[in-house]
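What follows is a short report on a single structure.
Bear in mind that the values in this text are calculations on the coordinates, not laboratory data. This structure is a prediction, so every number in the text was calculated from the model and none was measured. We place every Cβ from the backbone using ideal geometry, glycine too, and count neighbours over all the protein chains shown.
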Amino acid sequence: MNFLELIKIRQSVRKYSDKNVETEKIEKCIEAARLAPSASNAQPWKFIVVNNPELKNKIANDTFSTVVPFNKFTLQAPVIIVVTIEKPNVMSMIGSRLKNKEYKLIDIGIATEHFCLQATELGLGTCILGWFNENKIKKILNIPKKKTIGVLITLGYPCNEYIIRDKKRKNTDEIRTYNKY
């Protein structure tokens, strides 16, 4: 499929089948993320693959609560990827400070999207999560206290009734101008 077709079918999946994800497919997604560009080639990321069902459910349980139940679908996903933000190299850190830009956040965003697009091309579904209990997940996975979890990615095969939804996006004229604001 061409790139625009891939982008059109990539969406956040919140219903997964119970089929396990093959290690080879997970590794292809990691490779796609590894090849992502980053500021000064800092590559400030680490991808922790959580595919042990018991451990995965512990992580999933820390993405929702009775007050905030919207991530409960994470229990269905057979895999959760925990993306940590690693220390960038010196050039990226200096540039980040001088330009007041969080390059490491931009970088993990690009790498995460590479991961998700590769998953889509392989017939897998993903959902990027920013709502989770970071301290509890860090403790479960022995992530050092000084590290930060950027995002979680659920990964699995979409359930049988999975339908590609129409994307509701702003009109191109609302988001694009030439030569001036």
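Residue by residue, what Karplus-based ³J(HN,Hα) values in Hz, rounded to whole numbers, does region 144-158 have, using 6.51, -1.76 and 1.60 with θ = phi - 60° and x for Gly and Pro?
Listing the rounded values in order: x, 4, 6, 7, 10, 8, x, 8, 10, 10, 7, 9, x, 7, x Hz.
Mind listing the long-range amide H neighbours of residue 46? Cut-off is under 5 Å, sequence gap 5 or more, other chains count too, H placed in the peptide plane at 1.01 Å from N.
When sequence neighbours closer than 5 places are left aside, the close amide H contacts are 84, 86.
Full-extension gain between residue 23 and residue 178, please, as 0.36 nm times their residue separation minus the C-alpha to C-alpha distance.
Full extension of this stretch gives 51.3 nm more.
For residue 8, go through the lysines and keep the ones whose alpha-carbon is under 25 Å away, minus same-chain ones fewer than eight residues off.
Excluding near neighbours in sequence, the set is 19, 25, 28, 167, 168, 170.
Once Lys and Arg get +1 and Asp and Glu get -1 on their Cβ, which of 68, 96, 153 lies farthest toward the positive end of the dipole of region 19-158?
Of the candidates, 96 comes out farthest on the positive side.
Taking only C-alpha pairs under 8 Å that are 6+ residues apart, what is the relative contact order of the chain in percent? Walk me through the numbers on the way to the answer.
Working: 279 pairs, mean separation 61.8, N = 181.
RCO, the chain: 34 percent.
Give, to the nearest whole percent, the P(r) tail of the chain beyond 28 angstrom, counting all Cα pairs.
29 percent
Assuming R0 = 25 Å, can you tell me the calculated FRET efficiency for the pair residue 66 and residue 135, based on Cβ-Cβ distance, to the nearest 0.05?
Details: r = 19 Å, r/R0 = 0.75.
My answer for the efficiency is 0.85.
Once R0 is set to 35 Å, what does the formula 1/(1 + (r/R0)^6) return for the Cβ-Cβ distance between residue 170 and residue 146, expressed as a FRET efficiency to the nearest 0.05?
Working: r = 39 Å, r/R0 = 1.10.
Plugging the Cβ-Cβ distance into 1/(1 + (r/R0)^6) gives 0.35.
Quick one: dipole size for region 19-158, taken about the Cα centre, charges +1 on Lys/Arg Cβ and -1 on Asp/Glu Cβ, in debye to the nearest 20.
Values: 19 positive and 12 negative charges, 129 e Å.
About 620 debye.
Positive end of the dipole of the chain, charges at C-beta (+1 Lys, Arg; -1 Asp, Glu), about the Cα centre: which of 179, 115, 23 has its Cα farthest in that direction?
Among 179, 115, 23, the one farthest towards the positive end of the dipole of the chain is 179.
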